[in-house]
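Peer 1: Sending over a structure as structure tokens; questions will come in a sec.
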Amino acid sequence: MNNIEFSNTANLPTTYGDFTLISFKEAGSFHEHCLLIKGDVKDQEDVIIRIHSECLTGDIFTSLKCDCGPQLNESLRVISERGQGMIIYLRQEGRGIGLFNKVNAYALQDKGQDTVQANHSLGFETDLRDFSIVLKALDHLGIKSVNLLTNNPDKIDIFQNSEIKVNSVMPLIIEANSYNEGYLNTKKEVLNHLF
């Protein structure tokens, strides 16, 4: 198991209140991720956690094709309201296929393929993301149990062989629009997301 490296800790004031920002990566890796922390989470139980994979189009450009940006914003709102929690922001764009290939997948979706079919047409598996670093980060912080903000069963499954207990799963209900309705249906019917 590779060691994990952490940056210094910095304050990050946001529209959702003040957070602490820490970047982290596996030793020798160029894949840098970050923790956005509200309140004291070290050695705590039942910490609200959102594992969020980077989505430039949704998180930054407010794309209506997905629900990523609204999920991130709702997670920030919930964590800020509760006064404690953490966003684990993973740099795994496009379910791990990268931005370039994600745009190619978007073009295939424009022609009628769903998000899974588009990945397969490009020669990729359905999901290439690796969530193992999440457990390393949580273990480093001494977090004993979590309340997960997620609809994705894969994010629940990563805790199965871990000493970190999932106390509860808190679904993120985001209203569909005419652009992402098919995408959300694929997540529900093909990827078994919880809605």
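The values are calculated or read from the model by the stated rules, or taken from the named source; none is laboratory data. Because the structure is predicted, anything quoted here is derived from the model rather than measured. Cβ coordinates were reconstructed from backbone atoms using ideal geometry, including for glycine residues, and neighbour counts include every protein chain displayed.
Peer 1: Check the stretch 131-140 and report whether any residue there is at pLDDT 90 or above and either of a type in the set (D, E) or more than 24 Å from S7 (Cβ to Cβ) (or both).
Peer 2: yes
Peer 1: Residues to consider are Y106, Y89, Y179; find the one that is in contact with a Lys or Arg (Cβ under 6 Å, 6 or more places away or on another chain) and among the hydroxyl-bearing types (S, T, Y).
Peer 2: Going through Y106, Y89, Y179 in turn, the sole match is Y179.
Peer 1: Would you mention how many residues in the stretch 47-66 are farther than 16 Å from K136 by Cβ, at pLDDT 90 or above and surrounded by 14 or more Cβ atoms within 10 Å (Cβ to Cβ)?
Peer 2: 12
Peer 1: Determine whether the stretch 20-30 contains at least one residue that is under 13 Å from Q84 (Cβ atoms), surrounded by fewer than 19 Cβ atoms within 10 Å (Cβ to Cβ) and at pLDDT 90 or above.
Peer 2: Yes, the conditions are met somewhere in the stretch 20-30.
Peer 1: What's the total number of residues in the stretch 54-71 that are among the charged types (D, E, K, R) and either closer than 19 Å to H120 by Cα or in contact with a strand residue (DSSP E or B) (Cβ under 7 Å, 6 or more places away or on another chain) (or both)?
Peer 2: 2
Peer 1: In the set V146, V103, which member is free of Cβ contacts under 8 Å to residues at least 24 places away in the same chain and not charged (D, E, K, R)?
Peer 2: Unique residue meeting the criteria: V103.
Peer 1: For the stretch 58-79, name all the residues that are under 19 Å from A176 (Cβ atoms) and within 14 Å of the chain's Cα centre (by Cα).
Peer 2: The answer is G58, D59, C66, D67, C68, G69, P70, Q71, L72, N73, E74, S75.
Peer 1: Does S29 satisfy the criteria of being of a type in the set (G, A, S) and in a loop (DSSP other than H, G, I, E, B)?
Peer 2: Yes, satisfied.
Peer 1: Among the residues of the stretch 42-62, what is the count of those that are assigned to a loop (DSSP other than H, G, I, E, B), among the hydrophobic types (A, V, I, L, M, F, W, C) and within 30 Å of K144 (Cβ to Cβ)?
Peer 2: Counting residues in the stretch 42-62 that are assigned to a loop (DSSP other than H, G, I, E, B), among the hydrophobic types (A, V, I, L, M, F, W, C) and within 30 Å of K144 (Cβ to Cβ) gives 1.
Peer 1: Of everything in the stretch 1-16, what is part of a strand (DSSP E or B) and surrounded by fewer than 15 Cβ atoms within 10 Å (Cβ to Cβ)? Give them in sequence order.
Peer 2: If the condition is that a residue be part of a strand (DSSP E or B) and surrounded by fewer than 15 Cβ atoms within 10 Å (Cβ to Cβ), then E5, F6, A10, N11, L12, P13, T14 are the ones that fit.
Peer 1: Which residues, taken from the stretch 37-82, are of a type in the set (V, I, T), over 22 Å from V166 (Cβ atoms) and touching a residue at least 40 places away in the same chain (Cβ under 8 Å)?
Peer 2: Of everything in the stretch 37-82, just one residue is of a type in the set (V, I, T), over 22 Å from V166 (Cβ atoms) and touching a residue at least 40 places away in the same chain (Cβ under 8 Å), namely T57.
Peer 1: A follow-up question, please. T126: out of contact with any Ser or Thr (no Cβ under 6 Å at 6 or more places or on another chain) and closer than 26 Å to D18 by Cα, yes or no?
Peer 2: Taking the combined requirement at face value, the residue does not satisfy it.
Peer 1: Name, by its number, the condition in (1) more than 22 Å from N185 (Cβ to Cβ); (2) free of Cβ contacts under 8 Å to residues at least 60 places away in the same chain; (3) part of a strand (DSSP E or B) that does not hold for F24.
Peer 2: Here F24 meets the rest and fails (2).
Peer 1: Here's a follow-up. Are any residues in the stretch 72-109 among the small types (G, A, S), farther than 23 Å from D127 by Cα and surrounded by fewer than 17 Cβ atoms within 10 Å (Cβ to Cβ), and if so, which ones?
Peer 2: Within the stretch 72-109, G83 is the sole residue that qualifies.
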